[in-house]
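A short write-up of the structure that comes next.
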Amino acid sequence: MAHITRRFLSTTLCRHASATEACTEMFERFGAGKPISIRKQLIDANQLNLLSITLNRTPTTGHAPPIGTPVPPGYHLVYFTPSMIESELGLDGTDRTVNPLSPFTRRMWAGGELRWTQDPNVQLRVGQEVRETTRLLTAEPKTLKSGGEMLVVGVEKTFENEKGIALVDKRNWVFQREIAADNPLKVTEKPEEKALPNGTYTRDFCQTETTLFRFSALTFNGHKIHYSPEWCRQIEGHRSSVVHGPLNLIHMLDFWRDTAKSGDTQAVPQSVTYRAMSPLYVREPYRILLEKDIIRVGQEGPEWKADICDSYGKISMKALIVE
C-alpha cells in the first residue's frame, strides 16, 4: 500500500485532471475488479461494545460481548477502518485510499448496497478473524447541475471468515472538486421548520456533538464535516456539523431489526440498498419512517421501505430492505 500511496501523491500534485482523465487513471492505477487491498482483522468485542453504547443500544457496562456474539447488520462499519497517517489525508480529512486525481478530492458517501449470507454459520461474530477484500467496480464522470464536473466511484468490499463470505458491501462515493480556502461555498440558510411526517412505524433522532465525535472515532474517520463546525461553515457551506451517512444506515437497520424481527440479535436481512439525498445536521431533529411493502410475485422476500426525513420537508436518505 505504501508504494501506491507514494505514486498517488506524486501524480495528484503534478497537474489537475478532467473528470474523464481521472476516471481513466483510477482504472489504470487499481485495475477493474482486481483487489485494491486485502486485510485481515480480528472482530474484537470492545469495538462492538463501544458502538452499541454510542447508539444507546447497550447500557453502561464493563462487560464486553462474549466470543461468538453476532455482529448486527451494519455494525461491520467500525471494523477495517482506514489506516493512514494524518499527512496523507485529504484537505477535508478524508482518507485517500481510493481517491481520484486532484482536484477531485472532496468526497461524499452517496449510497450503496449490502448483501448478507443467510447461513447463520457464516455470519460475522466476535472472535473471528475476517478478511476484507476491496475492489474498484466503477468510476464515471458526471456533470453537476451547475455545469461542473464530478466523479461517481463504486467500490466493493467483501468480508469473509473461515466458513465463507458473510457480507458483500458495495459503496458509491461522489468526488467533487476541492474547495479553495480563499473561495469557500456560501453557507446554506436554515429553512423554515415543518412538522415531521407520520408513517406506520417511526423513530426520532437528534444527534449530539458527542455522538458524532464517538462515531468518527470508532470509524477512524477524519472527515472534517462531522466534527469541525468552523470547516463546515467557513469552507464547505454547511450550517453545522453533518451527521454521518453510515451512522444513519445503521439506525435504519436497527429500526428494521427491532420492528420486523423483535430485536433478534441474530437477524440479518437479505439486502439493503440505500441512497443519500441531502445532509442532516447536528442538533436538528429528524425521523425514520419504516413501512412494510406489498410482496410481489418473484420477489426475494418481504420488503421494507425506510425514509429519513428532516424537519424542513426534505428526505435525507432512502432505503429498501429485503428480508
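To keep it simple, each residue is scored yes or no on (1) basic (Lys, Arg); (2) more than 24 Å from Asn56 (Cβ to Cβ).
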{"site": "Glu236", "(1), (2)": "no, yes"}
{"site": "Asp254", "(1), (2)": "no, no"}
{"site": "Asp258", "(1), (2)": "no, no"}
{"site": "Gln266", "(1), (2)": "no, no"}
{"site": "Pro269", "(1), (2)": "no, no"}
{"site": "Leu290", "(1), (2)": "no, no"}
{"site": "Lys305", "(1), (2)": "yes, yes"}
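Name the residue that is farthest from Leu48 (Cα to Cα), counting only residues in the range 187-218 that are hydrophobic (A, V, I, L, M, F, W, C) and open to solvent by less than 30 Å² (accessible area, probe 1.4 Å).
Looking at residues that are hydrophobic (A, V, I, L, M, F, W, C) and open to solvent by less than 30 Å² (accessible area, probe 1.4 Å), I get Leu212.
Taking the range 52-84 as the region of interest, how many residues are aromatic (Phe, Trp, Tyr) and open to solvent by 30 Å² or more (accessible area, probe 1.4 Å)?
Result for the range 52-84: 0.
Which is surrounded by 18 or more Cβ atoms within 10 Å (Cβ to Cβ), in a strand (DSSP E or B) and modelled with pLDDT of 95 or more, of Asn172, Asn221?
Exactly one of Asn172, Asn221 is surrounded by 18 or more Cβ atoms within 10 Å (Cβ to Cβ), in a strand (DSSP E or B) and modelled with pLDDT of 95 or more, namely Asn172.
Conditions tested, residue by residue: (1) open to solvent by less than 40 Å² (accessible area, probe 1.4 Å); (2) in contact (Cβ under 8 Å) with a residue 60 or more places away in the chain; (3) not in a strand (DSSP E or B).
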| position | (1), (2), (3) |
| --- | --- |
| Asp95 | yes, yes, yes |
| Trp109 | no, yes, no |
| Leu114 | yes, yes, no |
| Thr158 | yes, no, no |
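Determine whether Asn121 is surrounded by fewer than 17 Cβ atoms within 10 Å (Cβ to Cβ), polar (S, T, N, Q) and not in a loop (DSSP other than H, G, I, E, B).
yes
Return yes when Leu144 is open to solvent by 30 Å² or more (accessible area, probe 1.4 Å), closer than 30 Å to His16 by Cα and touching a Gly at 6+ places or on another chain (Cβ under 8 Å) and no when it is not.
When the stated conditions are applied, Leu144 does not pass them.
Among the residues of the range 175-184, write down those that are closer than 18 Å to Cys232 by Cβ and surrounded by 13 or more Cβ atoms within 10 Å (Cβ to Cβ).
Across the range 175-184, the qualifying residues are Gln176, Arg177, Glu178, Ile179, Pro184.
Evaluate the following for Phe175: is it of a type in the set (Phe, Trp, Tyr) and touching a Pro at 6+ places or on another chain (Cβ under 9 Å)?
Criteria met by Phe175.
Kindly evaluate Thr134 against the criterion of being modelled with pLDDT of 95 or more and either within 16 Å of Gly33 (Cα to Cα) or among the aromatic types (Phe, Trp, Tyr) (or both).
In short, yes.
The values are calculated or read from the model by the stated rules, or taken from the named source; none is laboratory data. Computed from a prediction, not measured in an experiment: that's the story for all the values here. Quick reminder, even Gly has a Cβ in these numbers, built from the backbone with ideal geometry, and neighbours come from all protein chains shown. Side chains included, ligands, DNA and RNA excluded: accessible areas come from the protein's heavy atoms. Shrake-Rupley method; radii C 1.70, N 1.55, O 1.52, S 1.80 Å.
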